[in-house]
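Reviewing the structure listed below.
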Amino acid sequence: MTPLDDIRARIKAACKTANRVAHDVSLVAVSKTQPQDKVETLLAQGQRLFGENRLQEACARWLPLRETYPDVKLHLIGHLQTNKANDAVALFDCIETVDSLRLADALKTAMDKQNRPLPCFIQVNTGAEPQKAGVAVNELAALLEHCRTQAKLDIQGLMCIPPAQDIPDLHFALLHKLAHEHGLPALSMGMSADFETAIRYGATHIRIGTALFGQRS
Ligand SMILES: *Cc1c(COP(=O)(O)O)cnc(C)c1O
């Protein structure tokens, strides 16, 4: 069994336990810093949805690969600087890390300019970690309101990265509650170590790196 088959089987099993359909959970393969041959192996096995956290690295890898695999979809899962919004909108198919009014405005400007409206997620700093990106829980409502009424971004859901030292359950439950309160259907949460838990709490997008590719160098 390949790692991809194994993860797919585990997603299916977790969905069954949670009384959900596996089709509702998208596997985002996190290819950041992974060697090219491993990424190509996954492509050959049929995986088409990938996540990258750095714009520069993502461009270098995916601009050439997309010539061969035009149906690849890319999610930005790392922090984005406002001045790089244009390049990000040109490359990615979904921005999961909207976390400020300024970034929302810059993304909207870039999308308008390129006539390329992209689905977005708002990243929430559920653990209130000072070093981590994401909007504070108590500022989410204002940011979402701005995205909806001013920036007119297509916000589909919320994304979080729980603090490494915490049990993730409370963070997943909180993100689920926030998404529900605000009428957002999508939830990007769960990584290699905890995606089955995330599926139990309603994840629609799980972001898996090491369990698919092995340890990052
Ligand atoms: C690196 C990364 C992942 C993947 O983590 P693994 O533990 O390797 O599965 C998921 N989400 C984000 C935002 C990341 O930066």
Eligible aspartates and glutamates near K152 by straight Cα distance, threshold 19 Å, same-chain separation 8 or greater:
D93, E96, D99, D105, D112, E139
If you average the sequence gap of Cα pairs under 8 Å that are 6 or more apart and divide by the length of the chain, what percent do you get for the contact order?
21
Among D169, D99, D71, determine the one that fluctuates most according to a GNM of the chain built with springs between C-alpha atoms less than 10 Å apart.
D71
When the Kirkwood radius is taken over all Cα pairs of the stretch 99-172, what Stokes-Einstein diffusion coefficient follows at 25 °C and 0.890 mPa s, in µm²/s?
188
With a 1.4 Å probe and every protein chain left in place, work out the accessible area per residue of the stretch 59-217 in Å², rounded to a whole number.
46
Go ahead and set up a Gaussian network model of the chain, Cα springs under 10 Å, then flag whichever of M111, M189, M159 fluctuates most.
M111
3J(HN,Hα) from dihedral phi, the stretch 100-110, Karplus parametrisation 6.51/-1.76/1.60, rounded to Hz, x for glycine, proline
8, 4, 4, 5, 4, 5, 5, 5, 4, 4, 5
Taking H placed 1.01 Å from N in the peptide plane, check which residues at least 5 places from C94 or on another chain put their amide H under 5 Å from its amide H.
L74, L76
Does the stretch 113-217 come out rounded, prolate or oblate by the C-alpha gyration tensor, with a ≥ b ≥ c the root eigenvalues, rounded set by a/c under 1.5 and, if not, prolate when a/b is larger than b/c and oblate if not?
prolate
Sparse-neighbourhood loop sites, trypsin sites (Lys or Arg not before Pro) in the stretch 4-54 - DSSP loop, at most 10 other Cβ within 10 angstrom:
none
Step through the table entries K12/K108; K73/K108; K32/K108; K12/K73, compare each Cα-Cα distance with 30 Å, and write down the pairs that go over it.
K12/K108
Mind running the shape call on the stretch 65-133? Use the C-alpha gyration tensor, a ≥ b ≥ c as the square roots of the eigenvalues: rounded below 1.5 for a/c, prolate if a/b tops b/c, oblate otherwise.
oblate
Phi angles of the stretch 201-213, converted by Karplus (6.51 cos²θ - 1.76 cosθ + 1.60, θ = phi - 60°) into ³J(HN,Hα) in whole Hz with x for Gly and Pro, give 8, x, 3, 9, 9, 10, 10, 10, x, 4, 5, 9, 10
Any residue on another chain or 5+ positions along whose placed amide H is under 5 Å from the amide H of V135 is listed here as Q123, V124, N125
Taking only the alpha-carbon atoms of the chain, what semi-axes of the equivalent ellipsoid follow from 5 times the gyration tensor eigenvalues under a square root, in whole Å, largest first?
25, 23, 15
The chain, Gaussian network, Cα under 10 Å: of A142, A164, A193, the residue fluctuating most is A164
Given the candidates G78, A106, V89, the one whose Cα lies deepest towards the positive end of the charge dipole of the stretch 50-118, counting +1 at each Lys or Arg C-beta and -1 at each Asp or Glu C-beta, is A106
When the Karplus curve 6.51 cos²θ - 1.76 cosθ + 1.60 is applied with θ = phi - 60°, which whole-Hz ³J(HN,Hα) does each residue of the stretch 35-44 get, with x for Gly and Pro?
x, 4, 5, 5, 5, 5, 4, 5, 4, 5
Carbon and sulfur together cover what percent of the accessible area of the chain at a 1.4 Å probe radius?
52
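The values are calculated or read from the model by the stated rules, or taken from the named source; none is laboratory data. All values reported here derive from a predicted model rather than from experimental measurement. Using ideal geometry, Cβ is built from the backbone for each residue, glycine included, and neighbour counts are taken over all protein chains shown. The protein model used for the area step is the full one, side chains on, heavy atoms only, and it has no ligands, DNA or RNA in it. Shrake-Rupley method; radii C 1.70, N 1.55, O 1.52, S 1.80 Å.
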